[in-house]
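Q: What follows is a structure written as structure tokens; I'll ask about it next.
No lab work stands behind these numbers, since they all come straight from the coordinates. If you're wondering where the values come from, they're calculated on a predicted model, not measured in any experiment. Don't worry about glycine lacking a Cβ; one is built from the backbone with ideal geometry, like all the others, and counts go over all protein chains shown.
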Amino acid sequence: MNERFRIRRQRGQVLIILFLGTLLFGGTAAGLGWIYGGNNFEQLRKQLKQAVPESGRRKPLGRILEQLQSSAEGYSTSQERQAKQLTDILKRHDGTRAEVDAQLAQMDALNLFSRHAMLDLRYQLRAGLSVEEWTVLFPPPAEK
């Protein structure tokens with residue numbers, strides 16, 4: 001009976017973690033808004049066109065935005081798949097702590113890799129823009 005209670009409590013804790021992760025980061029690529037300033041990619045493309053009128057400079061920067069979007073969408077898809085796998089383990093009566101720990105480690109590794117990859121792309125974008133152009137795309141937060 002004690003083992004059954006421990007597994008149920010563990011399942012509840014992981015579901016709470018998944019819920020909070022989804023709440024904080026979103027279940028979609030849109031939840032990664034903090035990486036690219038809170039704007040969606042369509043807004044960023046419009047702002048890029050406004051900030052960088054020269055087509056020759058704008059095209060490579062647009063490709064970086066496309067890579068950012070693709071990375072965010074890929075992360076979201078992988079995150080959803082891994083969350084489902086974790087839930088499936090927790091639903092099984094014979095799921096072990098080692099399986100849960102291994103799945104959580106995979107989720108952490110994906111999160112770390114994705115964040116680094118997207119930040120690297122953001123820095124590539126920044127390198128191609130002047131300070132003024134960057135500020136058009138990523139304006140500082142309004143003071144309260």
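Q: So GLN82 fits all but one of (1) surrounded by 13 or more Cβ atoms within 10 Å (Cβ to Cβ); (2) within 30 Å of LEU137 (Cα to Cα); (3) not charged (D, E, K, R); what number is the exception?
A: (2)
Q: How many residues, within the stretch 53-105, are more than 30 Å from GLN124 (Cα to Cα) and either among the hydroxyl-bearing types (Ser, Thr, Tyr) or not in a helix (DSSP H, G or I) (or both)?
A: Summing the residues that are more than 30 Å from GLN124 (Cα to Cα) and either among the hydroxyl-bearing types (Ser, Thr, Tyr) or not in a helix (DSSP H, G or I) (or both) in the stretch 53-105 gives 6.
Q: Another question, then. Cβ-Cβ distance below 6 Å, separation of 6 or more or different chains: which pairs start in the stretch 95-124 with a residue that is within 30 Å of LEU137 (Cα to Cα) and end on one that is of a type in the set (Gly, Ala, Ser)?
A: These pairs meet every condition: LEU110/SER78; ALA117/SER71; MET118/SER71.
Q: When the stretch 98-114 is examined, which residues are found to be among the polar types (S, T, N, Q) and either touching a strand residue (DSSP E or B) at 6+ places or on another chain (Cβ under 8 Å) or within 13 Å of THR87 (Cα to Cα) (or both)?
A: Residue satisfying the conditions is GLN103 alone.
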